[in-house]
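Some notes on the structure that comes next.
The values are calculated or read from the model by the stated rules, or taken from the named source; none is laboratory data. The structure displayed is predicted, hence computed values, not measured ones. Glycine gets a Cβ as well: all are built from the backbone with ideal geometry, and neighbour counts include every protein chain shown. The accessibility values were calculated without ligands, DNA or RNA, using every heavy atom of the protein model including side chains. Shrake-Rupley method; radii C 1.70, N 1.55, O 1.52, S 1.80 Å.
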There are 2 protein chains.
Amino acid sequence: MLKDDTIAVPQKCDDCPIRHRAVCARCEPEELAQLEQIKYYRKFEAGQTVIWAGDRMDFVGSVVTGIASLTQTMEDGRTQMVGLLLPSDFVGRPGRDGTVYDVVATTDLVMCCFRKKPFENMMEATPHVAHRLLEMTLDELDAAREWMLVLGRKTAREKIASLLSIVARRDATLRKTGMVGRLVFDLPLTREAMADYLGLTLETVSRQISALKRDGVIELEGKRHVTVPDFARLMEEAGDDSDGGMLV
Amino acid sequence: MLKDDTIAVPQKCDDCPIRHRAVCARCEPEELAQLEQIKYYRKFEAGQTVIWAGDRMDFVGSVVTGIASLTQTMEDGRTQMVGLLLPSDFVGRPGRDGTVYDVVATTDLVMCCFRKKPFENMMEATPHVAHRLLEMTLDELDAAREWMLVLGRKTAREKIASLLSIVARRDATLRKTGMVGRLVFDLPLTREAMADYLGLTLETVSRQISALKRDGVIELEGKRHVTVPDFARLMEEAGDDSDGGMLV
DNA sequence: GTTCGCGCTTGACCTAGGTCAAAGATATCC
DNA sequence: GGATATCTTTGACCTAGGTCAAGCGCGAAC
């Protein structure tokens with residue numbers, strides 16, 4: 001059951017996102033205790049594949065630290081990232097046997113997992129967990145559809161700006177300050193990963209980032225540390241109508 | 001409550017997809033009776049908007065006949081279809097107030113609706129309905145992600161072939177015969193709608209359809225009646241790895 | 001320190017698909 | 001039956017982004 005990549009449960013479960021966000025917002029203490037019992041942690045290194053498309057998946061869980069991605073690949077090697085899993089995002093499909101896409105650790109990754117069967121049993125027993133899960137799935141669906149607009153209709157520049165604004169929005173250190181004015185964050189993706197997510201080549205990603213820098217939309221320190229002097233400007237560059245993406 | 005576009009309940013509810021597919025596969029008779037009471041039908045003409053993005057949505061339901069689409073539009077008019085709703089597909093988000101995209105009748109459309117509040121109540125009471133809904137949402141999510149690969153990485157020709165194979169697969173008259181050899185079906189979308197779904201222009205759609213015809217992958221009679229002499233060939237043209245799209 | 005390797009940038013060039021424009025097909029309405 | 005409108009096809013041309021190739025940091029290994 002417990003694989004060798006299983007690691008000790010961290011000091012206190014407060015860093016377990018399941019408790020805050022993903023599933024348990026309204027769990028009773030005894031329900032939490034129950035979850036506690038079927039819970040374990042797994043660690044992956046950047047580049048490692050968590051599960052291959054088509055494989056049986058015997059757990060569900062959520063990202064604690066690092067980034068995972070859902071990836072689809074065609075025979076000829078073209079690949080498209082179809083989901084970006086940031087800390088607190090949920091992985092797995094209760095009631096389903098496997099995935100249809102690869103789950104890959106894009107950075108070093110720690111996941112909090114629950115063995116699937118007991119988790120499903122618990123779900124049956126506690127309707128609000130099932131309810132929460134439906135909500136989360138609807139959120140993911142909204143995010144996926146939002147991304148379809150990005151992939152289908154936005155220019156390369158708009159795509160980059162869209163990605164930057166999503167990452168900025170999700171950056172834990174920023175969420176409290178509100179999304180206005182100057183923002184600073186780390187970009188946790190390689191140019192290639194960005195390209196795979198945006199349906200571009202890495203050369204185009206690089207060129208567009210340079211262009212955004214040249215035009216003062218962003219500032220770069222090294223390759224990864226980003227400063228956005230004016231978030232509203234970035235949103236404009238993303239071509240974001242309405243509040244698009246605020247759902248994520 | 002009942003709008004003027006509400007129409008009489010058809011002869012027998014067997015044509016109501018809710019009963020067969022969407023929600024009620026395992027409903028008890030009294031539960032069905034309950035659903036029956038909160039059910040009504042609505043009719044829309046091609047081009048009519050069912051709900052605007054951001055609007056309050058006071059019902060859920062499913063498509064009985066015709067095609068609806070979920071559409072996102074940017075301020076400058078670029079639009080991307082993010083979902084194609086064929087007969088028996090479910091519309092609406094239990095537990096949510098509205099949509100973030102327009103729902104548009106792409107052809108003349110009949111929908112079977114349930115007022116949302118009573119439907120949600122029923123959902124609370126009958127866990128297997130909630131469970132079914134989660135499954136459906138996961139299916140939609142898979143379909144959306146599948147489509148992200150199409151939008152992000154496929155060529156125009158592959159996109160067209162992908163769309164054709166989805167429509168063929170979903171065509172009610174064909175599902176029984178198995179998806180091999182010669183298929184004949186009607187294409188219920190204008191070139192423009194296809195373009196919006198595929199992230200192309202209508203000119204490119206037209207050109208690629210002509211090309212597929214020229215190359216013998218499809219035959220056309222009029223603009224809409226399609227014959228696929230060899231479905232496997234079409235799948236190949238779609239660049240479909242594995243069983244991609246079989247989920248839909 | 002030097003070397004290796006990987007991620008990134010930049011340039012030169014090319015092509016798939018977009019844009020603009022004209023005209024053929026159907027269907028609908030008097 | 002002709003007029004009008006909508007949908008579609010096709011052509012000529014253009015450009016955003018892909019492809020190929022060279023080189024630049026910069027950290028890790030020795």
> Taking B:Tyr101 and the conditions (1) surrounded by 22 or more Cβ atoms within 10 Å (Cβ to Cβ); (2) at the interface with chain A (Cβ under 10 Å from one of its Cβ atoms); (3) touching a residue at least 60 places away in the same chain (Cβ under 8 Å), which numbered condition does it fall short on, given that it satisfies the others?
Replying inline: (3)
> within 14 Å of chain B (Cβ to nearest Cβ) and open to solvent by 40 Å² or more (accessible area, probe 1.4 Å) - does that describe any residue in segment A:210-222?
Replying inline: no
> Hey, does segment B:123-135 have a residue that's farther than 18 Å from B:Met194 by Cβ, part of a loop (DSSP other than H, G, I, E, B), open to solvent by 40 Å² or more (accessible area, probe 1.4 Å) and among the hydrophobic types (A, V, I, L, M, F, W, C)?
Replying inline: no
> Restricting attention to segment B:65-80, which residues are in a strand (DSSP E or B), more than 10 Å from chain A (Cβ to nearest Cβ) and crowded, with 21+ Cβ neighbours inside 10 Å?
Replying inline: B:Ala68, B:Ser69
> Got a number for residues in segment B:216-235 being over 17 Å from B:Val167 (Cα atoms) and away from DNA strand C (no atom under 14 Å from the Cβ)?
Replying inline: 1
>> With the structure loaded, tell me whether A:Leu187 is within 14 Å of chain B (Cβ to nearest Cβ) and either away from DNA strand D (no atom under 16 Å from the Cβ) or aliphatic (A, V, I, L, M) (or both) or whether it fails that test.
In response: no
> Do we find that A:Val150 is within 13 Å of chain B (Cβ to nearest Cβ), buried (at least 23 other Cβ atoms within 10 Å of the Cβ) and of a type in the set (Val, Ile, Thr) in this structure?
Replying inline: yes
> From the set of residues in segment A:208-243 that are farther than 27 Å from B:Thr73 by Cα and in contact (Cβ under 8 Å) with a residue 40 or more places away in the chain, which is farthest from DNA strand D (Cβ to nearest atom)?
Replying inline: A:Pro229
> Restricting the search to segment B:108-122, which residues are open to solvent by 30 Å² or more (accessible area, probe 1.4 Å) and within 16 Å of DNA strand D (Cβ to nearest atom)?
Replying inline: B:Asp108
>> A:Pro29 - would you say it is open to solvent by 60 Å² or more (accessible area, probe 1.4 Å) and at pLDDT below 90?
In response: yes
